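Report on one structure; see the data block that follows.
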Amino acid sequence: MTTPPSGPAAARTITAVLPPAVVWAVVLILSPVLEYGLGRMAWWGAGAAFLLCFVPWAIVTWLDKRGELRRGIKRLGLGPLMICTGVLMYGTLRAIQWLDGPLGLAAVIFAIYGGFSLLLIFRRFGPDWTCITYGGAAVILILMAGLPGLIGALLLALGVWAQALLQPARAGRFVVSALAGAAVCGGIYALLEQAVP
């Protein structure tokens, strides 16, 4: 008879199944489905998840295997990264508008970029991208799906618990990162959803 995982084993399992790319991919896929139902708009969410979650992961993995990331991405500096983020945000919005895509999806994408900007601006204080993701995605799921979204939010709260359990010295940083993600990502999503007619 096997016993269910507990403590550190459960925390490792939770962090293994909830990396930021997977969390954001689920939110991106759900956005047009919840807004318009299954059908053509669902492909928007799948396409956005592919471009925003899988492609960057594949590029970074490829560069890391080639040894290109030895000095790290930080060597580029804040300016170029912020400019590139702004260009991606503008280009994404224009593409969604031009192709009559789901504007709710644009709100999710802007929320992700807002969280990423938060990470870049405060990187010297060591915010945690995973917990920023958990906090932001939790608020967005609640705003997007209502009561069913609360189940996802509770699962993401378990993700913050898992991070804190595995690295207790950084527990405070994880909680602050999750709260900052909730405020920034969730706030951007809420503001943009109110602005969309």
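The values are calculated or read from the model by the stated rules, or taken from the named source; none is laboratory data. In this text the structure is predicted, and so the values were computed from the model without any measurement. Here the Cβ is made from the backbone with ideal geometry for all residues, glycine too, and neighbour counts use every protein chain on show. We work out accessible area using only protein heavy atoms, side chains counted, and drop any ligands, DNA or RNA first. Shrake-Rupley method; radii C 1.70, N 1.55, O 1.52, S 1.80 Å.
Data table
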| item | result |
| --- | --- |
| Nearest-20 debye value, the stretch 11-195 charge dipole, Cβ charges on Lys, Arg, Asp, Glu | 820 debye |
| Whole-percent carbon and sulfur share, accessible surface of the stretch 157-197, 1.4 Å | 71 percent |
| Dimensionless Rg over Rh [the chain; C-alpha; Kirkwood] | 0.98 |
| Whole-number accessible area per residue in Å² for the stretch 11-195, which is evaluated in the context of all protein chains at 1.4 Å | 56 Å² |
| Residue with peak Gaussian network fluctuation, the chain [Cα springs, cutoff 10 Å], from Gly187, Gly67, Gly159 | Gly67 |
| Cα centroid separation, the stretch 148-173 to the stretch 107-123 (Å) | 19 Å |
